[in-house]
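Chemist: Pasting a structure here, questions to come.
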Amino acid sequence: MERESEKPGLIVIDKLCKRFPRNEGEDIPVLDKVTLRFEPGCFTGLVGPSGCGKSTLLRLIAGLEKADSGSILLDGEEIKKPGYERGLVFQDPTLFPWQNVYNNIAYGLRSRGVYKREKHTIPDFVKLVGLEGFEKSHPHQLSGGMAQRAALARALVNKPKVLLLDESLGALDAFTRMNMQDEILKIWEQQKMTTVMVTHDVDEAIYMADSIVVMSARPAKIERVIRVELGRPRQRDDPDFLALRSTILRILNFTGQRVDPQYYL
């Protein structure tokens, strides 16, 4: 049996710092000596005040940004650039409008030069995200939830070790969003890749994640890492769920994020 330490997808972040230059004045500090560890196969939610650097951290893990100092290791190898072992899904599905669903999903295989060898797997991923029958549809013919499913399949077709979700459900209506939460969890339970999700929705983080990283206001530090000790599937009205939500909201208020409790009632 494979030991936990041997499973792929271990992310180790050590003293990560990132600043962004601006035209006038000093650079803007975004991340301040962030140290984190994402265990293989675990689902982690990142929450924190708006603009604190959650998406920047995700882009650094994806290799789309470079840190000023510190390091990010994936299975012992330093991340220096984008790689197919890390799949990234944005809030906007970013599908190619001139391509149908099948060709959007196939893009990663073609860009890697493995399409002929791996194209037989595409129907499996179409089925995995529930888009059977829509392979020939173009993005403008899809609902928001369906487009996000296609974007998810495009990230998964490369069989990544790590799945990065950057507010991937933020643009969806509440009903579609809850359905997509369940669909993503179903896929994660099947695939068991390391998953890191940025979200502003505390309930979403509690519902989906094994652990929740609460970040401070910019320049971001790690306020707390909270293990979600709730069974699955989770009930949003469970007293332990509500108690954990209250704890996280108190931490967010402490870090300078003013939260309207009515949003969560």
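What follows draws every value from the coordinates through simple rules; no lab data is involved. Note that this is a predicted model, so its numbers are computed, not measured. Positions of Cβ are backbone-derived with ideal geometry, glycine not excepted, and every protein chain shown enters the neighbour counts.
Chemist: Project the alpha carbons of the chain onto their principal axes and report the range along each, largest first, in whole Å.
Modeler: 51, 49, 42
Chemist: Further question: Regarding region 122-265, what whole-number volume in Å³ per residue does the convex hull of its Cα atoms give?
Modeler: Details: hull volume 19.1 nm³, N = 144.
Convex hull volume per residue, Cα atoms: 132 Å³.
Chemist: While we're here: For Lys186, list the lysines whose Cα falls under 22 Å from its own Cα; do not include residues on the same chain fewer than 8 positions away.
Modeler: Result set, ordered by chain and number: Lys7, Lys127, Lys159, Lys161.
Chemist: At what distance in nm do the modelled label points of Gln99 and Arg236 sit from each other, each positioned 7 Å from its Cα along Cα→Cβ?
Modeler: 3.4 nm
Chemist: Of all GluC sites (Glu not before Pro) in region 1-107, which ones are in loop regions per DSSP and have a Cβ with at most 10 other Cβ atoms within 10 Å?
Modeler: Working: sites: Glu2, Glu4, Glu6, Glu24, Glu26, Glu65, Glu77, Glu78, Glu85; in loops: Glu2, Glu24, Glu26, Glu65, Glu85.
When the GluC sites (Glu not before Pro) of region 1-107 are filtered for loop state and at most 10 Cβ neighbours within 10 Å, Glu2, Glu24, Glu26 remain.
Chemist: Still on this structure, I have one more. Got a sec? How would Asp182, Asp203, Asp75 order by Cβ neighbour count within 10 Å, fewest to most? Mind dumping the intermediate values first?
Modeler: Numbers: Asp182 12, Asp203 19, Asp75 16.
Exposure proxy ranking, most exposed first: Asp182, Asp75, Asp203.
Chemist: What are the principal axis extents of the Cα atoms in region 59-121, in Å, biggest first?
Modeler: Largest to smallest, the principal-axis extents are 41, 28, 14 Å.
Chemist: Where Lys and Arg each count +1 and Asp and Glu each count -1, what net charge lies around Gly133 among other residues with Cβ under 14 Å from its Cβ?
Modeler: Values: positive: Lys127, Lys136, Arg149; negative: Glu132, Glu135.
Neighbourhood net charge equals +1.
Chemist: Cα centroid distance between region 166-222 and region 39-92, in Å?
Modeler: Answer, in whole Å: 14.
Chemist: Right, another one. Could you work out the equivalent-ellipsoid semi-axes for region 95-159, taking the square root of 5 times each eigenvalue of the Cα gyration tensor, largest first, in whole Å?
Modeler: Working: eigenvalues 65, 29, 18 Å².
Semi-axes (√(5λ), whole Å): 18, 12, 10.
Chemist: Restricting attention to region 50-104, which chymotrypsin sites (Phe, Trp or Tyr not before Pro) occupy a DSSP loop and are surrounded by at most 13 other Cβ atoms within 10 Å?
Modeler: Details: sites: Tyr84, Phe90, Trp98, Tyr102; in loops: Tyr84, Phe90, Trp98.
Hits after loop and neighbour filter: Trp98.
Chemist: Taking the Cα atoms only, what angle lies between the long axis of helix 144-156 and the longest principal axis of the chain, rounded to 10 degrees?
Modeler: The angle comes out at about 80 degrees.
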